[in-house]
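Engineer: I have a structure here, written as structure tokens, and I will follow up with some questions on it.
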Ligand SMILES: Cc1cc2nc3c(=O)[nH]c(=O)nc-3n(C[C@H](O)[C@H](O)[C@H](O)COP(=O)(O)OP(=O)(O)OC[C@H]3O[C@@H](n4cnc5c(N)ncnc54)[C@H](O)[C@@H]3O)c2cc1C
């Protein structure tokens, strides 16, 4: 009989168990990448909505989303290219991706978080040219206004080109069927062994200053239960600041404060009727117009809340989807915290007339006056977690061992669905590249919030009034 050596007799090191809270793009991608790299570990993905639910509150649940690598920031360009490679080729994603091209109509004079639009175009083109020996820039064209009007069979001839000297077309960008791609990602994670659990997380389970799980309620008013895990990863989008404050109201170091703000934009579907097959059959591009705020609905009152408007093809519904330009928050009067409305569906289908008009403005801006009064349906308020720099947070929580944050898509996070989980896993393993680690850190230095155009001070309750004053 041979006596085992001490190394042979030692028990294998136990892998940490994980609770991933939130099954949007960040949580779903994290679950998939984590189970691929750690097939034997216990991973539970928790969300208040079933992944098969016809409607969800997730910003990632949507009819369609823009997929692009056109960024003025080289890190997001690179990440966008990496994601697009998977959107094109990976069996989980390729069925849902449509490379129709994206047209950016941007005024040379308008501001874009401190850089002008010429800056955006030049930087986006330069970034793509520098990636993979310029191959990534092959789809790019800079068109004069006349050429832009004629492009895609005159699709954008009616757009508002005020102040525009050139339009950026990237034929290698496009759009994705978002809810289908999200569902496919979650299903792939489940197939590999991730457990999906439908439950509302009420608060984190904090003991001795460390996070050891979450407290859930499985139904409205239902009994509370604690789920335990070695590591809790919050991918809770716009709900994140509320969840942190509810978990320890007096522990300020745990709270998001100015780091994360729940903000929203309105979207709607524009049915095309009989002309739909003809219009959509020609594979129209995504169109984004940096619509000057002074021309939007009630724009003077909301001059801080500016967002480009846009329209995406939606052939599955014989329609386009558009989004509006008004960005707004929902601040509770007692604690100055912006949260989605406290209803299970975030009241996302209760859209005030002002915001309905705002999405209508997208039609006028992208297609012209003649299209401005087309009927729209499925108006929806979509809530996202936004940071002052628009950078994600993918980081350990510096005040609470066992707690990790991976969210804050800041109105541009969905496109990274195929890859973002890879970086979350690197963060969990302490292997995230230091430049990205600093960029996405919980404790990073925050730029001034005041001047950031996507952190407007417009309140939902004011938009509920007939007219802003
Ligand atoms: C109108 C609009 C248009 C956009 N268009 C684009 C686009 O074209 N391209 C693009 O790349 N990005 C776009 N974005 C941004 C993108 O949608 C988001 O950045 C991204 O989807 C955020 O993903 P997430 O996983 O962080 O959050 P979410 O997708 O919001 O997911 C968070 C999940 O957490 C769950 N959750 C929260 N709290 C709890 C709790 N207490 N208990 C249980 N579950 C909980 C929620 O149910 C939800 O499912 C857009 C955003 C908006 C608002």
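The values are calculated or read from the model by the stated rules, or taken from the named source; none is laboratory data. This structure is a prediction, so every number in the text was calculated from the model and none was measured. Every residue, glycine among them, receives a Cβ derived from its backbone with ideal geometry; neighbour counts consider all protein chains shown.
Engineer: Can you tell me which of 328, 320, 307 is in contact with a strand residue (DSSP E or B) (Cβ under 7 Å, 6 or more places away or on another chain) and at pLDDT below 80?
Structural biologist: Result of the check over 328, 320, 307: 307.
Engineer: On the basis of being within 14 Å of the ligand (Cβ to nearest atom), at pLDDT below 95 and over 30 Å from residue 135 (Cα atoms), does residue 223 make the cut?
Structural biologist: Numbers: within 14 Å of the ligand (Cβ to nearest atom): no; at pLDDT below 95: yes; over 30 Å from residue 135 (Cα atoms): yes.
Answer is no for this residue.
Engineer: Something else now. Check whether at least one residue in the range 360-379 is within 16 Å of the ligand (Cβ to nearest atom), modelled with pLDDT of 95 or more and over 15 Å from residue 311 (Cα atoms), and report yes or no.
Structural biologist: Among the residues of the range 360-379, not one is within 16 Å of the ligand (Cβ to nearest atom), modelled with pLDDT of 95 or more and over 15 Å from residue 311 (Cα atoms), which makes the answer no.
Engineer: Output the number of residues of the range 21-53 satisfying the condition of being within 14 Å of the ligand (Cβ to nearest atom) and either free of Cβ contacts under 8 Å to residues at least 24 places away in the same chain or over 16 Å from residue 416 (Cβ atoms) (or both).
Structural biologist: Taking the range 21-53 first, the residues within 14 Å of the ligand (Cβ to nearest atom) are 21-33, 44-53.
When the remaining residues are screened for being either free of Cβ contacts under 8 Å to residues at least 24 places away in the same chain or over 16 Å from residue 416 (Cβ atoms) (or both), the result is 21, 44-53.
Total satisfying the criteria: 11.
So that you can scan it fast, the table gives a plain yes or no per residue for (1) in contact (Cβ under 8 Å) with a residue 24 or more places away in the chain; (2) within 9 Å of the ligand (Cβ to nearest atom); (3) not in a loop (DSSP other than H, G, I, E, B):
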{"residue": "227", "(1), (2), (3)": "yes, no, yes"}
{"residue": "232", "(1), (2), (3)": "yes, no, yes"}
{"residue": "253", "(1), (2), (3)": "yes, no, yes"}
{"residue": "264", "(1), (2), (3)": "yes, yes, yes"}
{"residue": "275", "(1), (2), (3)": "no, no, yes"}
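Engineer: If residue 243 meets every condition in (1) under 30 Å from residue 353 (Cβ atoms); (2) near the ligand (Cβ under 8 Å from one of its atoms) apart from one, which number is that one?
Structural biologist: So residue 243 meets the others, but not (1).
Engineer: Being touching a helix residue (DSSP H, G or I) at 6+ places or on another chain (Cβ under 8 Å), modelled with pLDDT of 95 or more and under 22 Å from residue 235 (Cα atoms) is the requirement here; does residue 96 meet it?
Structural biologist: Values: touching a helix residue (DSSP H, G or I) at 6+ places or on another chain (Cβ under 8 Å): yes; modelled with pLDDT of 95 or more: yes; under 22 Å from residue 235 (Cα atoms): no.
So residue 96 does not fit the description; no.
Engineer: Let me ask you something else. For the range 385-415, give me each residue that is crowded, with 21+ Cβ neighbours inside 10 Å, near the ligand (Cβ under 10 Å from one of its atoms) and farther than 20 Å from residue 33 by Cα.
Structural biologist: Result: 385, 386, 410.
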